[in-house]
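Chemist: Here it is, the structure in full.
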Amino acid sequence: MSQEESFDVVIVGAGVLGVATAYYIQKNSPEKTVLIVDRYLAAGQANTAMSAAAVRNMFASSTNQLLTDTSIKYFEHVQNEIGYDLLFEKCGYLWLLSDIQFNNDSVKTWMERMERSGISYHVYNKQELKEMIPGLNVDFEGDEEAELMNLQEVSWGLFGADCGVLDPTRLVEYYLEEFKKICHEKPRFGVDVQELLLEADPKLDLPGEPYVWQKKKVTGVKANKGILKAETVVLATGAWANELLDPIGIDSQTKAKKRQLFVVHAEHKEDLKSVLFSNGFNKYGCIPFTILPSAGVYFRPQLQELGFWIGCGDKEGRAYKYVQSDEDLVPEGIYYENSIYPVLSKYFPAFEDTRPTNSWAGGYCYSPDRIPFVYKKCGVLVVNGASGSGIMKADALARIADALLRGEEVTELFGGKHISSTALGQTDRDIEVESVVI
Ligand SMILES: Cc1cc2nc3c(=O)[nH]c(=O)nc-3n(C[C@H](O)[C@H](O)[C@H](O)COP(=O)(O)OP(=O)(O)OC[C@H]3O[C@@H](n4cnc5c(N)ncnc54)[C@H](O)[C@@H]3O)c2cc1C
């Protein structure tokens, strides 16, 4: 534990945000020594690997629209121009909405803002949806159970053709491989950071520094493998940000919440296969990533597995945690059984009698306004609070973090779009609050 090493930048966390940030920092500052560390034994093993890895530019906040639209276009560029297969499939996103939801002011604002930003979408009516999605139940007339469950009937579909799904592991590998081609320091795994080292700036070598009247700076980290000193420490620890920021008095303003995914196969169920292969939405001839009108239930089509990944954006009733704990990584079969399944099988009776063959759990790292944070405080650069959409915003957030580190006031995102480098900060935050959170 006596070992001490020095670097220009130490990045804590090798999830998608950590590795993408490492890549842009090293690319734009080739002379700097950039070290990535993670307590896991490989990159992208925590919440990045647990994600549904769906990507959408259909947000209500123009901030999120910009972050996602430019990131998604970069992912397309990586896959189509650079030739690195991210398994990115533009299967689309489909929100199934009731009449009340569709005519709600917030959905109107959402659509208006998408039009203003040039985000394309299409509205399907009930008849069209019935024709395109075999087995979609759009009639709850006289269904007492549906009434008891507060389920709203499907009347409309809001569809985004530029959205889709990808493989988060491939995305992490892409950034990491690119980083490794240009880096001076190989990423290190099994490195558990226990503490951020906060020191007086400048140091006066007085006992008990730093005092309240002194400026303070994080000068490195204390880890299980020794002290790693750095000019800048980047914190990309997602749902664990508070573990390291709280002890030095920095409020991350983020909270974690458990999220789970359940896999259901359609292989031996013809009616469920027909749902999976709902035609007319995309070139794969499959149902898009679909969000039901009620209870926050959604699914991702999974063509390789001939099935679905099913999740639920549970709100009240699911605890916010300050830090993601081990129990948050255990999926609950009973949750699928009692909460998700009854809703799913009402809208899609083809799911009746199906049971998950696999499941896993991770955590969202929520910010209060559902817009990510990228800011520098006391020498620590924090990238987090992606609020369940960190995969789809990864490229933009990493470019902003790099621009902040280099002192650039404005960040150029992929495709030549721009954002103020401090727009996602804690103090001079310049954002539109997000309302379309799944
Ligand atoms: C079920 C589920 C579904 C999701 N679906 C989607 C989706 O469809 N689309 C989308 O865009 N996003 C989705 N997300 C969110 C997405 O996964 C996250 O926003 C994204 O992975 C955040 O990346 P990250 O790098 O911040 O976090 P992580 O991948 O969690 O990485 C943080 C890393 O920091 C490391 N770490 C933490 N503390 C320390 C320490 N003290 N020392 C060393 N290492 C440390 C961890 O080991 C970890 O590897 C989903 C998440 C879940 C759980």
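The values are calculated or read from the model by the stated rules, or taken from the named source; none is laboratory data. In this text the structure is predicted, and so the values were computed from the model without any measurement. Cβ sites come from the backbone with ideal geometry, for glycine too, and all protein chains shown count toward neighbours. SASA here: full protein model, heavy atoms, side chains in, ligands and nucleic acids out. Shrake-Rupley method; radii C 1.70, N 1.55, O 1.52, S 1.80 Å.
Chemist: Would you check which residues across the range 335-368 are surrounded by fewer than 21 Cβ atoms within 10 Å (Cβ to Cβ) and over 16 Å from V264 (Cα atoms) and list them?
Modeler: Within the range 335-368, Y366, P368 qualify.
Chemist: Just name the residue that is nearest to W240 (Cα to Cα) out of those in the range 267-318 that are small (G, A, S) and within 15 Å of the ligand (Cβ to nearest atom).
Modeler: So the residue we want is G313.
Chemist: Enumerate the pairs (first residue in the range 26-42 and assigned by TED's automatic domain parsing to the domain that holds A403 and closer than 17 Å to W240 by Cα; second residue anywhere and open to solvent by less than 80 Å² (accessible area, probe 1.4 Å) and of a type in the set (D, E)) with beta-carbon separation below 6 Å, excluding pairs fewer than 6 apart on the same chain, so at least 6 apart or on different chains.
Modeler: From the range 26-42, the pairs are R39/D192.
Chemist: Look at V374 and say whether it is within 28 Å of S106 (Cβ to Cβ), surrounded by fewer than 23 Cβ atoms within 10 Å (Cβ to Cβ) and within 16 Å of the ligand (Cβ to nearest atom).
Modeler: Taking the combined requirement at face value, the residue does not satisfy it.
Chemist: Which fully enclosed helices (runs of 4 or more DSSP H) of the range 113-215 have 2 or more residues being surrounded by 20 or more Cβ atoms within 10 Å (Cβ to Cβ)?
Modeler: In the range 113-215, the matching helices (runs of 4 or more DSSP H) lie at 168-182.
Chemist: Taking strands (runs of 3 or more DSSP E) that do not extend beyond the range 312-390, which have at least 2 residues that are over 30 Å from E432 (Cα atoms)?
Modeler: Ranges flagged: 358-366.
Chemist: Within the range 19-31, identify whether any single residue is closer than 21 Å to T237 by Cβ and part of a loop (DSSP other than H, G, I, E, B), and answer yes or no.
Modeler: no
Chemist: I'm trying to understand the selection: among the residues of the range 73-98, which are in contact with a helix residue (DSSP H, G or I) (Cβ under 9 Å, 6 or more places away or on another chain) and part of a strand (DSSP E or B)?
Modeler: Residues satisfying the conditions are L94, W95, L96, L97.
Chemist: Any idea which residue in the range 267-285 is farthest from Q304 (Cα to Cα), counting only those that are more than 27 Å from the chain's Cα centre (by Cα) and not acidic (D, E)?
Modeler: G280
Chemist: A further question follows. For the range 34-72, give me each residue that is open to solvent by 30 Å² or more (accessible area, probe 1.4 Å), part of a helix (DSSP H, G or I) and within 14 Å of the ligand (Cβ to nearest atom).
Modeler: Once the filter is applied, which keeps residues that are open to solvent by 30 Å² or more (accessible area, probe 1.4 Å), part of a helix (DSSP H, G or I) and within 14 Å of the ligand (Cβ to nearest atom), the range 34-72 yields N47, A49, M50.
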